[in-house]
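Throughout, read-outs are computed from the coordinates displayed, never taken from laboratory work. What you see is a predicted model, and the numbers here were worked out from it, not measured in a lab. Cβ placement follows ideal geometry from the backbone for every residue including glycine, while neighbour counts extend to all protein chains displayed.
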Amino acid sequence: MFRLCPLLIALLAADARPAGASPAPAPLPTARCPQLFGSRAVRRRNKALRERFLRWTRRDASGITVAHSHRRWERVIALHLRGLAVEQRGDAALVSLSPALAKRLGCAAGRYLLRRDDALGGHTRALALLGDVVLVVHRGQLAYLAAAGAREPRWLLAWQLWGVTVRPKLGPPRRRPRAKKKKRRPRRRKRRRKR
């Protein structure tokens, strides 16, 4: 029994990768490609826009609910950006940059760790990372980028004004009792003085 323990430990500690395979490189930070993902100033502007118009997002079995206060966000469209591919990594999203697009932008090709409020070119910015889906604003319209093999989500949009809280009413509406009208006192006439 004691002789098997080192053997079991060696088997359990053995690497599952095939011989000669190298580990996947760590994702690059988006700061390494500001031409695509934007600078800090762009991120600040994107954050201000997101905080102004996006209330919250929630993903559950019925779909993805987006509560917002923007008048033009009426539907969510699928978006495909040439040279970019989205991958899922837990709650984060990875964006793969093709060599051709990387060469055109002057960035390194590879996978970048996408953050909320990052830009994706001049007209697109990331609003929310929802697993295998990234909710973005593209030219003023809501859109999404999906990972390869991801199912198309069902989108539920809720328009809400800032400062307005919607509370569900329980039961039928109650009628308020009418207040009794007070009798009006007759006005006193002013008498004219004789001169």
Task: Sequence-separation-based contact order of the range 25-159, relative, with Cα cut under 8 Å and 6+ spacing, percent - done: 31 percent
Task: Rg(Cα) / (2.2 N^0.38 Å) computed for the range 25-159, rounded to two decimals - done: 1.01
TODO: Hand me the trypsin sites (Lys or Arg not before Pro) from the range 49-151 located in a DSSP loop with no more than 12 other Cβ atoms within 10 Å, in residue order please.
DONE: Arg71, Arg72, Arg75, Arg82, Arg139, Arg151
Open item on the list: Counting other beta carbons within 10 Å of each residue's own, what order do Val134, Val76 fall into, fewest first?
Closed with: Val76, Val134
Open item on the list: Apply the Karplus curve 6.51 cos²θ - 1.76 cosθ + 1.60, θ = phi - 60°, to the phi angles in the range 74-82 and return the couplings in whole Hz, x for Gly and Pro.
Closed with: 9, 8, 10, 10, 7, 10, 10, 9, 5
Task: Sorted by Cβ neighbour density within 10 Å, fewest at the top, the residues Ile64, Ile77 - done: Ile77, Ile64
Open item on the list: Can you list residues from other chains, or at least 5 along the same chain, whose modelled amide H is less than 5 Å from the amide H of Leu28?
Closed with: Arg111, Tyr112, Leu113
Task: Amide H within-cut-off set for Leu142, under 5 Å, with H built and near neighbours excluded - done: Glu74, Arg75
Task: Residues Phe37, Phe53 arranged by fewest to most Cβ contacts within 10 Å - done: Phe53, Phe37
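Please work out the FRET efficiency for the pair Glu152 and Ala31, using the Cβ-Cβ distance as r and a Förster radius of 22 Å; give the result to the nearest 0.05.
Taking R0 as 22 Å, the efficiency between Glu152 and Ala31 is 0.10.
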Open item on the list: Viscosity 0.890 mPa s, temperature 25 °C: give me the Stokes-Einstein translational D for the range 45-125 in µm²/s, with Rh taken as the Kirkwood radius over C-alpha pairs.
Closed with: 166 µm²/s
